[in-house]
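Written below as structure tokens is the structure these notes are about.
The values are calculated or read from the model by the stated rules, or taken from the named source; none is laboratory data. Treat the numbers as computed from the prediction; the structure is a model and nothing was measured. Glycine also receives a Cβ, built like all others from the backbone with ideal geometry; neighbour counts cover every protein chain displayed. Surface areas here come from the heavy atoms of the whole protein model, side chains and all, with no ligands, DNA or RNA. Shrake-Rupley method; radii C 1.70, N 1.55, O 1.52, S 1.80 Å.
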Amino acid sequence: MKTVNHWIGGKTVEGASGNWGPVTDPATGAVTTQVALASAEEVDAAVSAAQEAYATWGTSSLAQRTSILFRYRALLDAHRDDIAALITAEHGKVHSDALGEVARGLEIVELACGITTQLKGELSTQVSNRVDVSAIRQSLGVVAGITPFNFPAMVPMWMFPLAIACGNTFVLKPSEKDPSPANFLAELAAEAGLPDGVLNVVHGDKVAVDALLTHPDVAAVSFVGSTPIARYIHATASANGKRVQALGGAKNHMLVLPDADLDAAADAAVSAAYGSAGERCMAISAVVAISSIADELVDKIRERAEKIKIGPGNDPVSEMGPLITKAHRDKVATYVTGAAAQGAEVVLDGTGYTVDGFEGGHWIGLSLLDKVSTDSDAYRDEIFGPVLCVLRADTYEDGLALINASPYGNGTAIFTRDGGAARRFQLEVEAGMVGVNVPIPVPVGYHSFGGWKDSLFGDHHIYGNDGVHFYTRGKVVTTRWPDPSEGHIGVDLGFPRNH
């Protein structure tokens, strides 16, 4: 059986806690790997390695950092298929989807390669007689990232490349459900020339998480996951004096107006709801259809959903793979099996789906629930699976009010041909990311990603300008150099004057 250990100080370090976690192949249900679960002492060793590396990395030149990142970007590009294969083996998503994940992670590596312009300071000269004021940004020290199972390569790459480009050192705690991609990313970074200890990977469960949240030498924590855990991460790390960005869960809505291209809207709904088996925080899980076109739209979504090919992620004909674990598969199924009792019309029920030859896999088919009420479990909870709820509203105003009443505010979309309605929506909707005829509005790397309300805890979104600001802190320097011909000024007890 394959064993995944920690990566500390530039080398593989065998797990010493005696605790191991199982990693399954979602397509077969077989345990293929065991992953070391770190003790608090092992987390401390990783933080110590990062602290030692920071002594030199924190004062390294921008030229040195970016040259390593450029080499790293080239290695990641050369190993796209290898990274994607690891994702498929442990997460289950189809290879093409895994390649897309790697590509979106590479965007942030590319942003980090150009960090020199992002870290430029400001200078104001002669603010008073021979007085200049400058503003600079400096690194924090050791920072940590805690990342989810659904994007085991992309989300780590949303964090550590920017962090180390800014001069920090990094400790990554990836999901223990699919740990191999994180180690491979660290190995490639070392091959690119990243000094030992700048990037460390410790695997584990809540013990490792809590050790990072309370460690006195960790200056900041980045997190992506569910809302309850994001709230806990934010509260615990903040109480221990750390800067925190904690991105939580979502219930993303797609409002479809009567003038929309319904074929395009149906295509988008199926892609956004069922891609990656619905295991993504930017999935569209609720379509809000204006009543006059709701029946037609539901029919079009059903026709498309019935044609999706489900199978092992390494099969080129598969369009959707299995769910990450059997327990998660069973939990997702309960929302479908209980929907009718809570007033929904079950248009498609995917709970009985299996794949010939892979009966032990964590399979579930596509489910479509119509006429869902806002007080039903399927609507209120983040299901994180291939279940699409359709809700109906009589008017634009009713649909907007429904969306804004949700406690989540991660992403949303509107489908319409009316520019005025689209403009109103993007200003009036209470969400951090908005798509206009775009179902999954994930920003490009040089803009920041993050939601509102219960989808984000902390003041900073991830990557983009917010990411750079999160991994640095500002300092303002006021300087006065007396002119060589100037005599002694003498004592002045008054408040400094700028004019």
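Straight-line reach from residue 173: taking Cα to Cα under 18 Å and skipping same-chain neighbours fewer than 8 places apart, the lysines in range are 11, 206, 242. Near residue 314, no amide H atom lies under 5 Å from its own; only residues 5 or more places off or on other chains count, and H is placed 1.01 Å from N. Ordering of 112-123, 215-226, 3-14, 142-153 by packing is 142-153, 215-226, 3-14, 112-123, highest average first (other Cβ atoms within 10 Å, averaged per residue). Report, for the chain, the % of DSSP beta bridges that are antiparallel, rounded to 5. Given both bridge residues lie in the chain, the antiparallel proportion sits at roughly 40 percent. Of all aspartates and glutamates in the structure, the ones whose alpha carbon falls short of 12 Å from that of residue 475, not counting any fewer than 8 places away in one chain, are 122. For residue 201, the amide hydrogen comes within under 5 Å of the amide hydrogens of 7, 8, 172, counting only partners 5 or more places away or on other chains and with H modelled in the peptide plane.
Using helices alone, I'd like the mean residue ellipticity at 222 nm for the chain: each DSSP H run of four-plus residues gives -39500 (n - 2.57), total over residue count, nearest 500.
-11500 deg cm²/dmol
Taken as entire DSSP H runs, the helices of the chain that both span 15 Å or more between Cα atoms along their own long axis and average -0.5 or more on the Kyte-Doolittle scale are 40-57, 62-78, 80-91, 95-113, 154-165, 180-191, 227-239, 262-274.
Let me check against my output: what whole-number percent is the relative contact order of the chain, with C-alpha pairs under 8 Å and at least 6 apart? Contact order relative to length: 18 percent. Taking only protein heavy atoms and a 1.4 Å probe, the accessible area of region 298-444 is 49% carbon and sulfur.
Pull out the extension gain between residue 60 and residue 330, defined as 0.36 nm times the separation in residues minus the alpha carbon to alpha carbon distance; nm, one decimal.
Contour length minus Cα-Cα distance gives 92.2 nm.
If R0 equals 56 Å, the separation of the Cβ atoms of residue 125 and residue 231 corresponds to a calculated FRET efficiency of about 0.75. Taking square-rooted eigenvalues a ≥ b ≥ c of the alpha carbon gyration tensor, is region 8-96 rounded, prolate or oblate, where a/c under 1.5 means rounded and, failing that, a/b exceeding b/c means prolate? It is oblate, given that a/c is not under 1.5 and a/b is not larger than b/c. Rounded to the nearest 20 debye, the dipole size of the chain about its Cα centre is 1240 debye, using +1 on the Cβ of Lys and Arg and -1 on the Cβ of Asp and Glu. Full extension of the chain segment joining residue 16 with residue 240 gains 78.0 nm, where the gain is 0.36 nm per residue of separation less the Cα-Cα distance. Between the amide H of residue 259 and those of 417, distances stay under 5 Å, these residues lying 5 or more places away or on another chain, with hydrogens modeled in the peptide plane. Here the contact order of region 296-355, divided by its residue count and restricted to Cα pairs under 8 Å and six or more residues apart, works out to 22 percent. Report the calculated FRET efficiency for residue 296 and residue 483 (r = Cβ-Cβ distance, R0 = 56 Å), to the nearest 0.05. Between residue 296 and residue 483 the formula returns 0.10. Computed over region 1-54, relative contact order equals 37 percent, with contacts defined as Cα pairs under 8 Å that lie 6+ residues apart.
A straight chain from residue 135 to residue 398 at 0.36 nm per residue would run longer than the Cα-Cα distance by 89.9 nm. The distance between label points at residue 31 and residue 341 comes to 3.3 nm (points 7 Å beyond Cα on the Cα→Cβ vector). Computed with a 1.4 Å probe on the full set of protein chains, the accessible area for residue 1 sits at about 150 Å². Residue order by solvent-accessible surface for 310, 83 is 310, 83, largest first, with ligands and nucleic acids left out and a 1.4 Å probe.
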